[in-house]
Every structure is written in structure tokens, then in C-alpha cells.
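Enquirer: Here it is, the structure in full.
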Amino acid sequence: MAEKMNYLPEQKKAIELRNRNILVSASAGAGKTAVLTERIISILLDEEKPVDIDRIVVVTFTRAAASEMRTRVGKKLSERLKEESGDRASHIRKQIALLPHAQITTIDSFCLYILRNYFYMIALDPAFKIADENDNRVMMGEVCDSVLEDCYSEGSDRFTDMVEHIVTGKDDKILNDIILKLYDVSSSHPWPDEWLDSCRKAFDQCSEDEFDNLDWLVKSGLMEHVGYICAEEIDRIKEACGMCSADSVIRRCSGGRDSAADSNMAQIYEFMVNEAEELGKLSECKTYTEYYNALNALNFTPFPRKRFEGEYLDIKDEVLALRNKVKKNINGVISSYFGKPLHVTIDELFEYHGAMNELIDITQEFRRRFALKKREQAIIDFNDVEHMALAILFERGEDGAVNRSAAAV
């Protein structure tokens, strides 16, 4: 008889919940693989709605993990077969027979499986090959050069304005690099052209009242990033306060106390507590405007000049070093994201509106020509594998609309 595992309540939920998305977060060795294996078995052998294993997709990060998962599922099925008879046993035997064909694999392998079986839905040459990475990069450079040559020949005002905003000096190689970088970043999104179009909104004109609610700013994660840094610095300044508190000083200087040094250290402690209170206000900020106002209101006054010796000097130096680190990191956040008045930031963004639209247009034209070049040679790269598989699954055509006969990606 198969050994029964005693799962925790949270693990049982992960095994038994149906008809919803589930996110399981657990540390290494917590039994995630065992839980997923049991979840697969419970779906296959559901008493009311049993499922065949070739109707399930299990995606892993590595081939080794996929192989291990397949082995575990096979072992579980074999164990359950010994306990069942009749129709249930027949169903389990069928699953064991189907197991070699089950999609327990990496994401790349699964996407390739989709392309090789449903290539006709996107008019893909069934004899397609995966492009050599180096050759692919060379081709990208050639296509990008061709696109820019045409732009220079046309010499439109929009293109000239964009070049003047972006290119410094006589070398326009930076323009090629930016286009290829923008192409790479867009390719990391499910629908690259839609993502590129969404980038245009970042340079639309808006008022200061509207800025905090701009979709691109909310989704950028900038406020979360700034909040994380500020929280770390608040903890660090509190740590510095603790280092120069009376209790800490007594513990570290118990071998030789000095009343004058104690008094001076108490003043440093009061100074640090006041700074900690000011920095603590950052924890209440949520929006760009709130962070801008709070950060620019900070005033790091000079650290108290007090003379110490021995262990007192060590404490002072450690507190000062920690405080200087906090000051440096907070000032870095200000200079990186909040160094200019909000109205100046908005005006500068809008100033680049036309240039960025032109850059995005050129990047989309590059994407179109590069895709056409690969089609002509019946090759695809790893970005194509995922995007084409996604297009097939969503049955989306070249225009992005969902349909039943997608002709191109």
C-alpha cells in the first residue's frame, strides 16, 4: 500500500483548490514538488471529473526538474494502481501509458511543441529553424542600419528632432544601440507593440495634480522601490540611535566611564533621535508628490563636534559612519528621482514627446522588417518562440485582434 503523507493545512489547500489561480510560496525543502505531484495526481484521479495527463501542462525551470516531476508522477500512479481495480485501474493504466507524451517540460520546450504542431495558424514555415544567436545579432544590426538609412534619406522634421534630442556629437551609433535595446526590452513583454504604444503615454502633457495617477508611473514600481530604500535607511538610522543610547554606552564603556563623555554622547543621541523622527516621516509617503515634498524637506545638519577617547570614540565613529551612509543613500534617491521641481520634470517629459514617438515608430518599423527578414529565411529566435506560441494560444493575428485564423505574428 502506498505511504500516506500528512500534509499541512496550507499544503492541502494547494492540492485541493480548483477553478482559480494559486500562488504557492515556500522555502527550499518545504515540499513544493511533493505538493505539486499530489495536486497532479488528485486532478488525474478526481472521482467526478477525472482528467487525462496529456491534457495538463506542467512547466518547470529546468529539464532536470521536468524529468524528476515526470518520474514522481509515474511512481505515484504505479502506487495507486496497486490499490485500485475496475474502471479506476483502467484509467490509471491509461495515464501511465500517456505519461511519456505529457507536457511536463520547460517553457521553451512547451512553446516549441506548440509551434511544431500548430504552425499553420500563424502561417509559419513548418521547416523553420532556430537562429544562431551570433548570426541573429548580425542580422539585427543590418536591419537596423537599413531602417535608419531610409530615415536619414527621408529627412523628416520629426526624425531630425529626435536625432537632435538623443544623439550627442557626430557618432550616431547610440541611436542604433537605443533602438536595439528598446526592441529587446519590448520583447520581454507578451505583446511588444502594445507595450511600445503604452510607452508613448509617459511623455503626454499632464498637470501636477494628474502626475501621481499616471498609469505608467503607478505601474513602474518606482514608488515601491523608493519606499523600500527609505525603509532600509529608517532602520539604519534607528540602529545608529541604539548604538549611542545610554544603555548601549553603559554596556560598552563599563570599564571606564567618563561623565563629560556621557553628557556629550547624550547630545549625539538626542541629535540622532531627531533625525530618525524626520526620516520616519518617509514611511507615511505613498505618491511621487508626497515623497518629493518629504525628501526635499529633509535637512541633514552637521553632526555634533564632540571630543571622545577610547571606547567612546569608537561608538561615535560607528554612529557617524552609519549616519553618513544613510545621508549618502537618501541624497542618492533625491538626485536620481526627485532632484527637480515636479513642474520641471513634467515639462521635460513633454519636451521629448515628439522625439519619443518617432523613436517608438522606428523601433516598431525595425521589429516589422526584422520579423519579415526572419520569415524569408524560415528562421526564428528564442523571443519568437514564446511570442508565436502565445499568439497561437490566444489566436491573435498581426493586428493584435483575437481571431480564429491568425495569419501572422
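Enquirer: Looking at (1) assigned to a helix (DSSP H, G or I); (2) free of Cβ contacts under 8 Å to residues at least 60 places away in the same chain, which is the only condition ASP171 fails?
Expert: (1)
Enquirer: Another one. If you scan segment 279-305, which residues turn out to be of a type in the set (S, T, N, Q) and either touching a Leu at 6+ places or on another chain (Cβ under 8 Å) or surrounded by 15 or more Cβ atoms within 10 Å (Cβ to Cβ) (or both)?
Expert: THR289
Enquirer: Filter segment 61-102 down to the residues that are assigned to a loop (DSSP other than H, G, I, E, B) and either surrounded by 13 or more Cβ atoms within 10 Å (Cβ to Cβ) or more than 37 Å from the chain's Cα centre (by Cα) (or both), then identify the one that is modelled with the highest pLDDT.
Expert: Here the residue is ALA102.
Enquirer: Given (1) under 30 Å from LEU393 (Cα atoms); (2) touching a helix residue (DSSP H, G or I) at 6+ places or on another chain (Cβ under 9 Å); (3) open to solvent by 20 Å² or more (accessible area, probe 1.4 Å), where does LYS181 come up short, assuming only one miss?
Expert: (2)
Enquirer: Same structure again: Could you figure out which of (1) more than 30 Å from GLU224 (Cα to Cα); (2) in contact with a Cys (Cβ under 7 Å, 6 or more places away or on another chain); (3) open to solvent by less than 30 Å² (accessible area, probe 1.4 Å) isn't true of PHE308?
Expert: Against the list (1) more than 30 Å from GLU224 (Cα to Cα); (2) in contact with a Cys (Cβ under 7 Å, 6 or more places away or on another chain); (3) open to solvent by less than 30 Å² (accessible area, probe 1.4 Å), PHE308 comes up short only on (2).
Enquirer: For segment 236-266, what are the residues that are polar (S, T, N, Q) and surrounded by 12 or more Cβ atoms within 10 Å (Cβ to Cβ)?
Expert: Within segment 236-266, SER245, SER248, ASN264 meet the criteria.
Enquirer: Hey, another quick one. Evaluate segment 46-57: report whether one residue or more is modelled with pLDDT of 85 or more, surrounded by 12 or more Cβ atoms within 10 Å (Cβ to Cβ), out of contact with any Gly (no Cβ under 9 Å at 6 or more places or on another chain) and assigned to a helix (DSSP H, G or I).
Expert: For segment 46-57, residues modelled with pLDDT of 85 or more, surrounded by 12 or more Cβ atoms within 10 Å (Cβ to Cβ), out of contact with any Gly (no Cβ under 9 Å at 6 or more places or on another chain) and assigned to a helix (DSSP H, G or I): present.
Enquirer: If we keep just the residues of segment 328-351 that are surrounded by 17 or more Cβ atoms within 10 Å (Cβ to Cβ) and of a type outside the set (Val, Ile, Thr), which is nearest to the chain's Cα centre (by Cα)?
Expert: At the first step, the residues of segment 328-351 found to be surrounded by 17 or more Cβ atoms within 10 Å (Cβ to Cβ) are 330, 333, 337-338, 345-346, 349.
If we keep only those that are of a type outside the set (Val, Ile, Thr) as well, we get 337-338, 349.
Working: TYR337: 20, PHE338: 23, LEU349: 24 Å.
So the residue we want is TYR337.
Enquirer: Further question on the same structure: Out of the residues in segment 106-163 that are among the acidic types (Asp, Glu) and more than 30 Å from GLY354 (Cβ to Cβ), state the one that is surrounded by the fewest Cβ atoms within 10 Å (Cβ to Cβ).
Expert: The qualifying residue surrounded by the fewest Cβ atoms within 10 Å (Cβ to Cβ) is GLU133.
Enquirer: Here is a follow-up. Those residues that are open to solvent by 70 Å² or more (accessible area, probe 1.4 Å) and either on the phi > 0 side of the Ramachandran plot or free of Cβ contacts under 8 Å to residues at least 24 places away in the same chain (or both), I need them from segment 189-231; list them, please.
Expert: Result: LYS201, ASP209, GLU210, ASN213, ASP215, TRP216, VAL218, LYS219, GLU224, HIS225, TYR228.
Enquirer: Checking VAL167 against (1) within 25 Å of GLN364 (Cβ to Cβ); (2) open to solvent by 80 Å² or more (accessible area, probe 1.4 Å); (3) modelled with pLDDT under 90, only one condition comes out false. Which one?
Expert: (2) is the only condition that VAL167 fails.
The values are calculated or read from the model by the stated rules, or taken from the named source; none is laboratory data. Remember, it's a predicted structure, so these values are computed and weren't measured experimentally. We place every Cβ from the backbone using ideal geometry, glycine too, and count neighbours over all the protein chains shown. Ligands, DNA and RNA are stripped out before the accessible areas are found, and what is left, the full protein with its side chains, is counted by its heavy atoms. Shrake-Rupley method; radii C 1.70, N 1.55, O 1.52, S 1.80 Å.
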